Amino acid sequence: MTDKSRLRAAFALVRTQVVAFMLSLRKLFTTWLAALQARPTRQPRRDSELDTIDLTMSATPIEPINTPAPVLAPIDPRSVDVIGVDAHLPPVNASVLSVDALRERFAQPPTWAPEFRLEPQWGNRIPAEAAVLVPIVMRAQPTVLLTERTAHLSNHSGQVAFPGGRVDPEDANLAAAALREAWEEVGLSADHVEVLGSLPTYTTVTSFVVTPVVAMVHPSFELAINPHEVAAAFEVPLAFLMNPANHRRHAMVDAQGRRREWLSMPYQDGQNERFVWGATAGMLRNLYRFLVA
């Protein structure tokens with residue numbers, strides 16, 4: 001390695017560490033501010049740059065921002081029996097996955113219904129509002145940018161997820177929350193993102209009411225991963241995720257005797273298996289239903 005290459009690598013490492021440190025400070029400040037100003041309701045606000053998209057906050061009471069989520073017993077989804085594969089359903093036509101077709105679909109949405117909306121609830125926790133970015137990278141063959149959560153996180157550690165998280169008090173709307181979280185987690189700049197719209201909310205087992213914000217991402221972006229939250233970022237072909245032949249159904253009975261069912265969409269990424277399942281797979285399945293309608 002040349003001196004110039006070493007210097008470039010060292011600069012990149014320092015940049016990543018500085019970004020992670022600044023994001024950690026911001027989250028600490030947000031938590032402190034929320035503790036002083038926590039309130040169960042929030043008036044909808046709107047970002048003027050996104051006025052054409054209905055992504056306002058929920059008017060229903062939600063818990064104070066940054067209240068800790070309940071810690072769930074870990075599940076190894078790979079060990080749960082597969083009860084079916086949805087190969088009988090048609091894949092989304094490739095023509096629907098183009099830039100112009102995606103813009104048109106969200107501008108004039110068809111009549112359709114989401115398949116997954118609500119997971120079995122764990123306890124009586126007050127719902128918390130959250131937003132995730134569904135980033136469709138507009139390569140020659142479009143992909144979806146996903147993350148793998150770090151192993152030390154208290155909930156959903158090691159799982160595949162969209163960039164996203166809780167809505168903060170200063171977020172103008174749900175799109176702004178999703179874009180902020182994407183910047184904080186993987187350094188994806190909003191300059192590379194075109195928000196298309198949103199899908200219906202998905203409520204997780206931990207009572208997060210999640211709005212998936214779907215966006216197109218110009219492939220010229222560069223990432224700066226926050227190592228506290230994200231172990232890896234990777235891309236999965238959109239056509240793979242929009243083909244139900246890759247959608248597997250799982251079922252189990254939990255410790256409380258309740259039956260739980262979910263989808264998985266395992267993708268072989270070189271030597272790594274990217275095991276997409278649970279809420280992420282459920283929201284992707286809803287995107288499939290929206291695009292195939």
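The values are calculated or read from the model by the stated rules, or taken from the named source; none is laboratory data. The shown structure was predicted, so the numbers you read here are calculated from the model rather than taken from an experiment. Using ideal geometry, Cβ is built from the backbone for each residue, glycine included, and neighbour counts are taken over all protein chains shown. Please note that ligands, DNA and RNA were not included when accessible areas were found on the heavy atoms of the full protein model with its side chains. Shrake-Rupley method; radii C 1.70, N 1.55, O 1.52, S 1.80 Å.
Quick rundown of the values:
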quantity	calculated
Carbon and sulfur %, accessible surface of segment 248-293 computed with the full protein complex present, 1.4 Å	42 percent
Solution diffusion estimate, µm²/s, Stokes-Einstein, segment 236-293, Kirkwood Rh from C-alpha pairs, 10 °C, viscosity 1.306 mPa s	129 µm²/s
For His247, distant residues with modelled amide H under 5 Å away	Asp86
Shape call, segment 75-181: gyration tensor on alpha carbons, a/c limit 1.5	oblate
Extension gain from Ala87 to His218, taking 0.36 nm per residue of separation minus the Cα-Cα distance	44.0 nm
5 angstrom amide H check on Ala128, placed H, neighbours 5+ away	Glu63, Phe208, Val209
Alpha-carbon centroids, segment 90-118 and segment 168-217: separation in whole Å	18 Å
Per residue, in Å², the accessible surface of segment 91-200 once ligands and nucleic acids are set aside, probe 1.4 Å	42 Å²
Diffusion constant of segment 168-223 at 10 °C, which comes from Stokes-Einstein with the Kirkwood Cα-pair radius and 1.306 mPa s, µm²/s	130 µm²/s
Hydrodynamic radius of segment 177-293 per Kirkwood, over alpha carbon pairs, in Å	16.1 Å
Protection proxy ranking of 92-101, 108-117 - average other beta-carbon atoms within 10 Å, highest first	92-101, 108-117
